[in-house]
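See below for the structure under consideration.
The values are calculated or read from the model by the stated rules, or taken from the named source; none is laboratory data. Keep in mind the model is a prediction, meaning the values are calculated, not measured. Note that each Cβ is placed from the backbone with ideal geometry, even for glycine, and that neighbours are counted across all protein chains shown. Note: accessible area is taken over every heavy atom of the protein model, side chains too, but ligands, DNA and RNA are not part of it. Shrake-Rupley method; radii C 1.70, N 1.55, O 1.52, S 1.80 Å.
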Amino acid sequence: MITHTLFSANNPLPTSPFFHSKVEKQWLLQSFALKAKPIQLRVSNGCRVRSCLGSDKSIEIPHQWYNLIADLPVKPPPPLHPKTYEPIKPEDLSPLFPDELIKQEVTGDRFIDIPDEVRDIYSLWRPTPLIRAKRLEKLLETPARIYYKYEGVSPAGSHKPNSAVPQAWYNVQEGVKNVVTETGAGQWGSALAFACSLFGLGCEVWQVRASYDQKPYRRLMMQTWGAKVHPSPSMITEAGQSMLQKDPSSPGSLGIAISEAVEVAAKNADTKYCLGSVLNHVLLHQSVIGEECLKQMEAIGETPDIIIGCTGGGSNFAGLSFPFIREKLNKKINPVIRAVEPAACPSLTKGVYTYDYGDTVGMTPLMKMHTLGHNFVPDPIHAGGLRYHGMAPLISHVYELGLMEAISIPQIECFQGAIQFARSEGLIPAPEPTHAIAATIREALHCKVTGEAKVILTAMCGHGHFDLPAYEKYLQGNMVDLSFSEEKMKASLANVPHITA
């Protein structure tokens with residue numbers, strides 16, 4: 001039950017545990033007397049109220065995660081065992097994942113209930129705000145209406161806790177003592193460290209070397225929450241040692257870091273592996289983003305004409321877009337759905353749709369996805385969270401079905417867009433969502449030419465407070481657009497297993 005509502009300066013302040021001092025009361029009186037623009041307040045049941053004085057609307061945290069597989073006209077190809085090439089069985093995954101997450105990975109159910117304890121933790125930051133970018137619209141002089149779903153309000157500063165919290169919770173329920181994972185930019189690693197700290201779960205993270213060096217504060221963030229953090233490749237694992245023998249100065253990749261974490265999980269009975277993107281159960285957890293956003297857009301009477309999100313492994317993009325794809329399949333709406341990836345790591349737009357390993361060494365199941373080859377090591381762009389050789393199998397399948405489209409954008413254009421966004425909207429984006437912002441600006445400027453008043457919805461998956469060295473490079477004119485090598489991709493694809501399916 002909602003115990004506190006918005007009130008105006010003309011109404012008496014209620015007696016409430018939210019107000020601890022006369023100073024707070026005075027501040028609130030002054031704020032409301034100024035008749036400020038729409039504001040947001042948290043209330044006790046986890047709703048976030050967005051209101052102009054006198055008109056309340058609340059959006060509740062979803063009670064269920066949504067599984068797009070249930071509504072697809074063609075089901076996605078199954079993952080295969082890395083040795084036998086046969087469809088993988090649930091028990092094959094038990095050395096890595098707890099049983100409940102394995103069930104979520106393979107389920108065909110449309111909705112999965114969110115545990116009450118997980119939902120209670122979500123209430124620390126959810127629902128997240130849907131914000132109209134009016135100042136950006138004005139800057140661009142576009143007739144388009146731009147909205148962004150902002151996930152940077154979470155404790156870790158990104159969308160990643162949406163999956164980190166349930167993954168940690170399910171592991172604890174099954175008596176797991178430690179979890180291991182990989183991270184690129186550090187957003188997933190910090191999210192998992194945060195989640196593990198809530199449940200007393202041990203956490204060990206292999207962070208891609210390029211990002212480990214570029215983003216020391218994300219490492220410190222993980223360590224503050226109690227995680228052990230290693231640069232990847234490392235000398236701790238056989239996989240890392242092998243990579244360093246080949247290239248002692250390797251910048252690392254998400255594929256290498258995954259190999260290291262999986263190796264440790266497979267060798268320790270009290271340890272499981274957590275993944276921050278790519279797999280079905282991760283995309284499932286992230287669906288809270290789109291489910292909230294559907295209701296938020298309905299509440300303001302808007303329907304998106306185009307939905308834009310950045311893609312690396314695909315967790316944020318899927319989280320926002322999959323509930324809208326459901327509505328599109330049900331012929332309720334018909335938005336264009338556009339993925340945006342780095343020009344230096346373009347798995348959807350340049351990769352091959354085939355079975356490949358999820359890691360560099362070849363320890364994970366084979367998944368049918370758009371891939372640049374599991375040996376492909378992308379150049380060290382600043383969007384470390386997008387430096388993955390493959391795309392989530394479910395997103396790859398949706399792309400093959402023609403339900404979405406994809407483009408790639410180089411990083412200088414992305415940071416140009418980020419600066420425009422920061423100087424108009426006030427928020428500094430992480431390097432990953434700058435790709436979505438750049439694509440949004442392209443679309444808005446196209447609307448300026450055509451005169452179309454399109455509704456553009458974009459995913460703002462995290463803030464860039466720990467990515468300021470990247471902004472410094474851009475502002476000083478030292479940023480370069482790193483290249484994509486077709487030859488390097490071909491060499492990597494030569495090592496992909498040849499499987500007809």
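Quick check on this structure: which one of Ala299, Ala392, Ala318, Ala339 is in contact (Cβ under 8 Å) with a residue 24 or more places away in the chain and open to solvent by 10 Å² or more (accessible area, probe 1.4 Å)? Give the derivation first.
Working: Ala392 fails: open to solvent by 10 Å² or more (accessible area, probe 1.4 Å); Ala318 fails: open to solvent by 10 Å² or more (accessible area, probe 1.4 Å); Ala339 fails: open to solvent by 10 Å² or more (accessible area, probe 1.4 Å).
Exactly one of Ala299, Ala392, Ala318, Ala339 is in contact (Cβ under 8 Å) with a residue 24 or more places away in the chain and open to solvent by 10 Å² or more (accessible area, probe 1.4 Å), namely Ala299.
Among the residues of the range 221-249, write down those that are within 26 Å of the chain's Cα centre (by Cα), polar (S, T, N, Q) and surrounded by 19 or more Cβ atoms within 10 Å (Cβ to Cβ).
Ser232, Ser234
Let's see how each residue does on (1) buried (at least 24 other Cβ atoms within 10 Å of the Cβ); (2) not assigned by the TED database to the domain that holds Pro79:
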position	(1), (2)
Ile256	yes, no
Leu279	yes, yes
Leu294	no, yes
Glu327	no, yes
Asn334	no, yes
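Checking the condition in the same structural domain as Ala168 (by the TED database), in a strand (DSSP E or B) and either buried (at least 24 other Cβ atoms within 10 Å of the Cβ) or of a type in the set (A, V, I, L, M) (or both), which residue from Val264, Val205 passes? Don't jump to the end; show me each part of the working.
On the way: Val264 fails: in a strand (DSSP E or B).
Exactly one residue qualifies, and that residue is Val205.
Suppose we filter Glu341, Glu298 for residues that are farther than 19 Å from Glu400 by Cβ, out of contact with any Asp or Glu (no Cβ under 7 Å at 6 or more places or on another chain) and either charged (D, E, K, R) or at pLDDT 95 or above (or both); which single one remains?
Values: Glu341 fails: farther than 19 Å from Glu400 by Cβ.
On inspection, the qualifying residue turns out to be Glu298.
With the condition kept exactly as written, say whether any residue in the range 194-202 is open to solvent by 10 Å² or more (accessible area, probe 1.4 Å), under 22 Å from Gly240 (Cβ atoms) and in contact with a helix residue (DSSP H, G or I) (Cβ under 8 Å, 6 or more places away or on another chain).
Among the residues of the range 194-202, at least one is open to solvent by 10 Å² or more (accessible area, probe 1.4 Å), under 22 Å from Gly240 (Cβ atoms) and in contact with a helix residue (DSSP H, G or I) (Cβ under 8 Å, 6 or more places away or on another chain), which makes the answer yes.
Could you look through the range 422-444, keep only residues that are assigned to a helix (DSSP H, G or I) and more than 17 Å from Val340 (Cα to Cα), and pick out the one that is most open to solvent (accessible area, probe 1.4 Å)?
So the first thing to find is which residues in the range 422-444 are assigned to a helix (DSSP H, G or I), and the list is 422-425, 434-444.
Keeping just the survivors that are more than 17 Å from Val340 (Cα to Cα) gives 422-425.
On the way: Ala422: 26, Arg423: 182, Ser424: 19, Glu425: 32 Å².
Result: Arg423.
For the range 167-187, how many residues are open to solvent by 10 Å² or more (accessible area, probe 1.4 Å) and under 24 Å from Asp113 (Cα atoms)?
7
Which one of Leu80, Leu124, Leu130, Leu140 is of a type in the set (A, V, I, L, M, F, W, C), more than 28 Å from Val496 (Cβ to Cβ) and touching a strand residue (DSSP E or B) at 6+ places or on another chain (Cβ under 8 Å)? Show your work before the answer.
On the way: Leu80 fails: more than 28 Å from Val496 (Cβ to Cβ); Leu124 fails: touching a strand residue (DSSP E or B) at 6+ places or on another chain (Cβ under 8 Å); Leu140 fails: touching a strand residue (DSSP E or B) at 6+ places or on another chain (Cβ under 8 Å).
Being of a type in the set (A, V, I, L, M, F, W, C), more than 28 Å from Val496 (Cβ to Cβ) and touching a strand residue (DSSP E or B) at 6+ places or on another chain (Cβ under 8 Å) holds for just one of Leu80, Leu124, Leu130, Leu140, which is Leu130.
Tell me the residue from Ala470, Ala459, Ala406 that is part of a helix (DSSP H, G or I) and crowded, with 16+ Cβ neighbours inside 10 Å, please. Spell out the reasoning first.
On the way: Ala459 fails: part of a helix (DSSP H, G or I); Ala406 fails: part of a helix (DSSP H, G or I).
Result: Ala470 is the single residue among Ala470, Ala459, Ala406 that is part of a helix (DSSP H, G or I) and crowded, with 16+ Cβ neighbours inside 10 Å.
Tell me, which helices (runs of 4 or more DSSP H) wholly within the range 64-169 include 3 or more residues that are touching a Ser or Thr at 6+ places or on another chain (Cβ under 9 Å)? If you could, list the steps in order and put the result at the bottom.
Details: elements: 99-106, 116-122, 134-140.
Output list reads 134-140.
Would you pick out the residues in the range 267-308 that are of a type outside the set (A, V, I, L, M) and assigned to a helix (DSSP H, G or I)? Working first, answer last.
Here is the first cut: in the range 267-308, the ones of a type outside the set (A, V, I, L, M) are 267-268, 270-274, 276-277, 280-281, 285-287, 290-293, 295-296, 298, 301-305.
Residues satisfying the conditions are Lys267, Asn280, His281, His285, Gln286, Gly290, Glu291, Glu292, Cys293, Lys295, Gln296, Glu298.
What is the number of the single condition among (1) closer than 22 Å to Ala185 by Cα; (2) open to solvent by 10 Å² or more (accessible area, probe 1.4 Å); (3) without any contact (Cβ under 8 Å) to a residue 60 or more places away in the chain that Tyr353 does not meet?
Against the list (1) closer than 22 Å to Ala185 by Cα; (2) open to solvent by 10 Å² or more (accessible area, probe 1.4 Å); (3) without any contact (Cβ under 8 Å) to a residue 60 or more places away in the chain, Tyr353 comes up short only on (1).
List the pairs whose first member sits in the range 457-485 and is under 17 Å from Gln420 (Cα atoms), whose second member is open to solvent by 80 Å² or more (accessible area, probe 1.4 Å), and whose Cβ atoms are under 6 Å apart, counting only residues at least 6 apart or on separate chains?
Met479/Lys473
So which residues in the range 208-219 are surrounded by fewer than 17 Cβ atoms within 10 Å (Cβ to Cβ) and within 21 Å of His159 (Cβ to Cβ), if there are any at all?
Tyr217
Out of (1) in contact with a helix residue (DSSP H, G or I) (Cβ under 7 Å, 6 or more places away or on another chain); (2) within 26 Å of Trp225 (Cβ to Cβ); (3) crowded, with 22+ Cβ neighbours inside 10 Å, what's the single condition that is false for Ala133?
(2)
Suppose we filter the range 340-371 for residues that are more than 30 Å from Pro304 (Cβ to Cβ) and either in a strand (DSSP E or B) or in contact with a strand residue (DSSP E or B) (Cβ under 8 Å, 6 or more places away or on another chain) (or both); how many remain?
Restricting attention to the range 340-371, the residues satisfying the condition of being more than 30 Å from Pro304 (Cβ to Cβ) are 352, 354-366.
Next cut, either in a strand (DSSP E or B) or in contact with a strand residue (DSSP E or B) (Cβ under 8 Å, 6 or more places away or on another chain) (or both) only: 352, 354-358, 363-366.
So the answer is 10.
Report yes if some residue within the range 326-339 is small (Gly, Ala, Ser) and in a helix (DSSP H, G or I); otherwise report no. Before you say what the answer is, go through the steps one by one.
Narrowing the range 326-339 to residues small (Gly, Ala, Ser): 339.
Those left that are additionally in a helix (DSSP H, G or I): none.
No, because not a single residue in the range 326-339 is small (Gly, Ala, Ser) and in a helix (DSSP H, G or I).
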